[in-house]
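The values are calculated or read from the model by the stated rules, or taken from the named source; none is laboratory data. Only a predicted model underlies this, so the values are computations on that prediction, with no experimental measurement involved. Every residue, glycine among them, receives a Cβ derived from its backbone with ideal geometry; neighbour counts consider all protein chains shown. Surface areas here come from the heavy atoms of the whole protein model, side chains and all, with no ligands, DNA or RNA. Shrake-Rupley method; radii C 1.70, N 1.55, O 1.52, S 1.80 Å.
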Amino acid sequence: MRVLFALTYYRPHVSGLTIYVQRLAEALAARGHHVTVLTSRYNATLPRYQVLNGVHVVRVPVAFWVSKGAIMPGYVREALPLLREHDVVAINLPNTPIEAMLLPFLARFVVRRPITATYHCDVQLPDGLFNRLVDEAVFTSNLVAGLMVDRVVAYTDDYANHSRFLRRFPHKRVVIPPPVVVAETTPEAVAAFRQRHAPNGEKLIGFAARFATEKGVEYMLAALPLIQAEIPHVRVLFAGEYQNVIGEEKYWQRLQPLLRQAGDRWRFLGVLDPAQMATFYTACDVTVLPSINSTESFGLVQVESMLCGTPVVASDLPGVRVPVQTTGMGRIVPPRNAEALAEAVVDVIRRRAEYVRLREEIEQFFSLQTTVERYEELFARLIEEIGGREARSYPQPVSFLPDGRVSKRDYLRAHLREVPPFRALLRGIECRLFEEAGDLEPPVLDLGCGDGHFASMAFEEPVLVGLDPQEELVREAQQRGVYRYPLVGSATSLPFPDNFFGAVVANCVVEHIPDIEAVLREVARVLRPGGRFLFGVPSHRFADMLLGSTLLRRLGFEGLARAYGDWFNRHSLHYHTDPPETWLERLERYGFVVEEWTYYMTPAGHRAFDLAHYLSLPRLVSRKLTGKWVAFPNPLTNWLFERWLRPHYEARPTGEGPYIFFQARKRPA
């Protein structure tokens, strides 16, 4: 299936909603589905397009904010083609009126795709007339969205029966427990954590949340002195985002006196990675979830805590109370009641052994696998029901691979949104070639990675190493997040041990390096025996198949035709435009067996590629002035370029072509 998720905030933002969607999206991608997340570019430094753990992320720039809602004028421009490319849409509510109503409308009435809405919580913004108006606007728009979607997913029946929104859709409602994942920790890590934060045997109270109004932070601060009166040596550890939380600046300032009063009894740990969170939960004596209103509908963190063996004190709110009621691993207390919260925390600490349950008991009720399987069943059923479509329906245009499979992505269209048309045509074809080549054995080295754009399009999983000699480009690659280790280095002297990589890829790179012998020698050295080397290069026909060369030759100017081709090669810094026989001999000399090679791009496509260079002048200027090929998206221009280039993107050469793609393998030892 091709699944499109939509929500306002996605990673690296941290909240219960983003964690929910991230876990579900990554789990579906790991099970072989093509998953895309459409979200806001809430931070201007984030890349517009990115692949994170197999999930394609598309971020829409934000023009301005209304409280916590993002206003994105370019939303429709990004959403419409994505809707056409996917089988099913999963939106997340609550959301801003534009996002909440627009996507269901487009999915239901324009593109006709099945659509679900996972309802995470009711909205309750801080006090104030404006915020009350925003609350009502959001509720009304979400209500309209609920009428248009095919199914509404709730976390629990308990919350659904009390929610102002969910109780209006009993006929559409599906209950799916949220995805819960906990990393592994070690006794050594837990001991080190306690030594750092409880060196004198203090009892540790964990509080995992964003510093937000609905989390009830002030009630935990008020409860702390009461707890200390019963258990003198105690400390609260707050794990999560706490400074500059969007929409919570006034709340942070209001609680500063209480935080100063708490002193070292209250420590902020910041945002922790999954392994650190597992250590945090395990090291704590109890964790708390003192939420105050229906903005909290479940509280994933309390189940995570339970799976790590630590009981929970949670507010007696619909949905929030379900984990404790289901497992018995903790206490529930009235919301907004510091005295009750303090009494329950003291009780759980003193009688902790009575509250702890085995991990296997918790997993009977809450697991990632259960959640993912239920979503798969829901999506497949809707795809089949809505219009009687199969679970693998693909909108036009469709690209087919040589073995008859449908290409995972329309690489031409995706590239046209971000790069000039000449590059979109060439890189789109090359992305498809790498897709056809199949999975790569990790670890993978991307040799000559440039700014990482090609890897972000071609590879669904992060590549271990991207290496390029230009530091500025490597910084861009680092921002894209497609390489775990983006490095500055030379292909003629690779800084890696022998027999290290399972695969090396080099897309239109090696022709730019004068010492090709050193490159091949180094690639052979760092590849494991049997490792694959995939690369594309211009062929010996590159220069004479250009549009300029072709026109001049047809006019009888043979010398000028050769001069034009030579000029283009010099301008492109091509040191090696050789026939396949030359490459085969080189690869053989350095211990490679060529399993397959093929020409790519037709002569007509190459002529269009040449002409597109001159038509791309505005984007070249944009790159010089702004650092971006496409500073301002232009759907009309993209549509015109796509109409022109589409036949050349789909066509394959029947004879010689301007480029060659090699699939080689290092000989086994």
On the basis of being closer than 25 Å to Glu248 by Cα, outside any loop (DSSP other than H, G, I, E, B) and of a type outside the set (D, E, K, R), does Thr18 make the cut?
yes
Exception for Pro647 within (1) under 32 Å from the mean Cα position of the chain (by Cα); (2) surrounded by 15 or more Cβ atoms within 10 Å (Cβ to Cβ) falls at (2)
Filter the range 290-307 down to the residues that are in a helix (DSSP H, G or I) and open to solvent by 10 Å² or more (accessible area, probe 1.4 Å) and list them by number.
Leu300, Val301, Glu304, Leu307
So which residues in the range 39-85 are part of a helix (DSSP H, G or I) and aliphatic (A, V, I, L, M), if there are any at all?
Val76, Ala79, Leu80, Leu82, Leu83
Kindly provide the set of residues from the range 112-161 that are assigned to a loop (DSSP other than H, G, I, E, B) and out of contact with any helix residue (DSSP H, G or I) (no Cβ under 7 Å at 6 or more places or on another chain), ordered by number.
Cys121, Asp122, Asp127, Gly128, Tyr155
Among the numbered conditions (1) farther than 20 Å from Pro81 by Cα; (2) open to solvent by less than 20 Å² (accessible area, probe 1.4 Å); (3) not aliphatic (A, V, I, L, M), tell me where Arg23 comes up short.
(2)
I need the full set of residues from the range 269-289 which are assigned to a helix (DSSP H, G or I) and more than 15 Å from Ile205 (Cα to Cα), in order please.
Pro274, Ala275, Gln276
Being within 13 Å of Leu7 (Cβ to Cβ) and either without any contact (Cβ under 8 Å) to a residue 40 or more places away in the chain or not hydroxyl-bearing (Ser, Thr, Tyr) (or both) is the filter here, so list the residues in the range 42-61 that pass it.
Val55, Val57, Val58, Arg59, Val60
Please work out if Arg607 is open to solvent by 40 Å² or more (accessible area, probe 1.4 Å) and either farther than 28 Å from Pro668 by Cβ or in a helix (DSSP H, G or I) (or both).
yes
Reported set for the range 119-146 where residues are touching a Leu at 6+ places or on another chain (Cβ under 7 Å) and surrounded by 18 or more Cβ atoms within 10 Å (Cβ to Cβ) is Tyr119, His120, Val134, Asn142, Ala145
Taking Ile386, is it part of a helix (DSSP H, G or I) and at pLDDT 90 or above?
no
Residue pairs qualifying under the 6 Å Cβ cut-off, at least six apart or on distinct chains, with the first in the range 503-521 being part of a strand (DSSP E or B) and the second being modelled with pLDDT under 95 and of a type in the set (Asp, Glu), are Ala503/Glu441
From the residues in the range 455-497 that are closer than 20 Å to Ala414 by Cα, assigned to a helix (DSSP H, G or I) and open to solvent by 30 Å² or more (accessible area, probe 1.4 Å), which one is modelled with the highest pLDDT?
Glu476
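For every residue, the table says whether it meets (1) of a type in the set (S, T, N, Q); (2) open to solvent by 30 Å² or more (accessible area, probe 1.4 Å); (3) assigned to a helix (DSSP H, G or I).
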residue	(1), (2), (3)
Gly309	no, no, no
Pro323	no, no, yes
Leu341	no, no, yes
Phe366	no, no, no
Thr370	yes, yes, yes
Phe379	no, no, yes
Could you give every pair whose Cβ atoms fall below 7 Å, whose first residue belongs to the range 271-299 and is over 29 Å from Asp122 (Cβ atoms) and among the β-branched types (Val, Ile, Thr), and whose second residue is open to solvent by 30 Å² or more (accessible area, probe 1.4 Å) and outside any strand (DSSP E or B), counting only separations of at least 6 or pairs across chains?
Thr279/Thr185; Thr279/Ala189; Thr282/Thr185
